[in-house]
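Enquirer: Got a structure here, written out as structure tokens. Questions coming.
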Amino acid sequence: MRVDGICGPQTWGSLVEAGYRLGDRLLYHTSPPLRGDDVAELQRRLGALGFDAGRVDGIFGEDTQRAALEFQRNAGVTGDAVCGPATLAALGRITARSADPIPVAAVHERETLRHSPRTLHGRRVVVGHAGGLDALTDAVVRALAETGAQAIPLHHLDGSAQAQQANGVGADVFVGLTAVEQGCSVSYYAAHGFESQGGRRLAECIQKEVPSILGAAPTTPTGMALPVLRETKMPAVLCELGPSSALVVHGADLACAFTRALECWVQGLEDV
């Protein structure tokens, strides 16, 4: 999370989610979805056994529901996609062969990226912002369109809403922009011992291209669980840029830099 010393909605939500341990409650798919560290633990255990529960995000969505049902069928447990005492007992009896297994979702993401085209042409790139960066967003979208990418701008104050819209259009990658007083920092999804390898790779490419235009020193990308990163289903990054005056003056240069970073990203995916 962002370190600001304020117990806001995300901090309070994380505190609530951290209060759940696997077995404290029944876990199943509902709307809105159940969230908590117990869900993340279930996703880790299922993923370690080869059942694809999606990324380890602590959200009991459709991927987790399918994985739970598949596990129940294989373990001879009543197939209701509800994680209760019987399912937990079956999980307790079966352990992964490796002491530190790689979740199947991470393997799938890596293989999907490795076998994807090494060009932006035809890729659906969503560029989102929470307000105040319409000009920069439009400049990035135009620069990406020149490469043949299907660039889509999104504007919404809420990160969860941005994630839902990006998921809804089937984006291949999401780039979020937000204004700060100074500097250039880039974050990608990482939490519960899981990280988006595609997101981390893109964040590294952006840090090589963008900071120098703003007169800032490159920094190490940070793994975070902000809603827009946690809830997107594709590789996603959030770029915090400033000052605002520099974003206006160097808008065209920044657009070209983001395009170069994305081109670098797709060309280097075989190394993810």
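The values are calculated or read from the model by the stated rules, or taken from the named source; none is laboratory data. As the structure is a computational prediction, the values presented were derived from the model and not from experiment. FYI the Cβ positions are ideal-geometry reconstructions off the backbone, even for glycines, and counts take in every protein chain you see. For the accessible areas, the whole protein counts, side chains as well, though only heavy atoms, and no ligand, DNA or RNA atoms are used. Shrake-Rupley method; radii C 1.70, N 1.55, O 1.52, S 1.80 Å.
Enquirer: Of the residues K233, K208, only one is farther than 22 Å from L133 by Cα, of a type outside the set (S, T, Y) and touching a helix residue (DSSP H, G or I) at 6+ places or on another chain (Cβ under 9 Å); which?
Expert: After applying the criteria, what remains is K233.
Enquirer: Still on this structure, please answer the following. Restricting attention to the range 165-176, which residues are surrounded by fewer than 22 Cβ atoms within 10 Å (Cβ to Cβ) and touching a His at 6+ places or on another chain (Cβ under 9 Å)?
Expert: Q165
Enquirer: Might you let me know whether the range 202-215 holds any residue that is open to solvent by 10 Å² or more (accessible area, probe 1.4 Å), out of contact with any Cys (no Cβ under 9 Å at 6 or more places or on another chain) and under 22 Å from E41 (Cα atoms)?
Expert: Scanning the range 202-215, I find no residue that is open to solvent by 10 Å² or more (accessible area, probe 1.4 Å), out of contact with any Cys (no Cβ under 9 Å at 6 or more places or on another chain) and under 22 Å from E41 (Cα atoms), so the answer is no.
Enquirer: I'd like the full set of residues that are aliphatic (A, V, I, L, M), within 22 Å of M224 (Cα to Cα) and in contact with a Gly (Cβ under 9 Å, 6 or more places away or on another chain), limited to the range 131-187.
Expert: Of everything in the range 131-187, those that are aliphatic (A, V, I, L, M), within 22 Å of M224 (Cα to Cα) and in contact with a Gly (Cβ under 9 Å, 6 or more places away or on another chain) turn out to be L154, L157, A163, A166, V173, V175, L177, A179, V180.
Enquirer: Scan the range 146-164 and report the pairs whose first residue is of a type in the set (A, V, I, L, M) and whose second residue is assigned to a strand (DSSP E or B), with Cβ atoms within less than 6 Å and a gap of 6+ or a chain change.
Expert: A149/V125; A151/V125; I152/V126; L154/V126; L154/G128
Enquirer: Can you tell me which residues in the range 235-246 are open to solvent by 10 Å² or more (accessible area, probe 1.4 Å) and either out of contact with any Cys (no Cβ under 8 Å at 6 or more places or on another chain) or not in a strand (DSSP E or B) (or both)?
Expert: P235, L238, P243, S244, S245, A246
Enquirer: I've got another one for you. Out of all the residues in the range 114-160, which are hydroxyl-bearing (S, T, Y), farther than 13 Å from L262 by Cα and either open to solvent by 20 Å² or more (accessible area, probe 1.4 Å) or not in a helix (DSSP H, G or I) (or both)?
Expert: Step one: list which residues in the range 114-160 are hydroxyl-bearing (S, T, Y), which gives 116, 119, 137, 147, 160.
In the following step, the residues that additionally are farther than 13 Å from L262 by Cα were identified as 116, 137, 160.
Those that are hydroxyl-bearing (S, T, Y), farther than 13 Å from L262 by Cα and either open to solvent by 20 Å² or more (accessible area, probe 1.4 Å) or not in a helix (DSSP H, G or I) (or both): S116, S160.
Enquirer: Something else now. State which residue is most open to solvent (accessible area, probe 1.4 Å) when the search covers only the range 31-74 and only residues that are in contact (Cβ under 8 Å) with a residue 24 or more places away in the chain and on the phi > 0 side of the Ramachandran plot.
Expert: G50
Enquirer: So A106 fits all but one of (1) at pLDDT 90 or above; (2) open to solvent by less than 60 Å² (accessible area, probe 1.4 Å); what number is the exception?
Expert: With respect to (1) at pLDDT 90 or above; (2) open to solvent by less than 60 Å² (accessible area, probe 1.4 Å), A106 is out only on (1).
Enquirer: Okay, moving on. One residue is enough: does the range 190-200 have a residue meeting the conditions under 27 Å from S14 (Cβ atoms), buried (at least 19 other Cβ atoms within 10 Å of the Cβ), among the charged types (D, E, K, R) and within 14 Å of the chain's Cα centre (by Cα)?
Expert: Within the range 190-200, one or more residues are under 27 Å from S14 (Cβ atoms), buried (at least 19 other Cβ atoms within 10 Å of the Cβ), among the charged types (D, E, K, R) and within 14 Å of the chain's Cα centre (by Cα).
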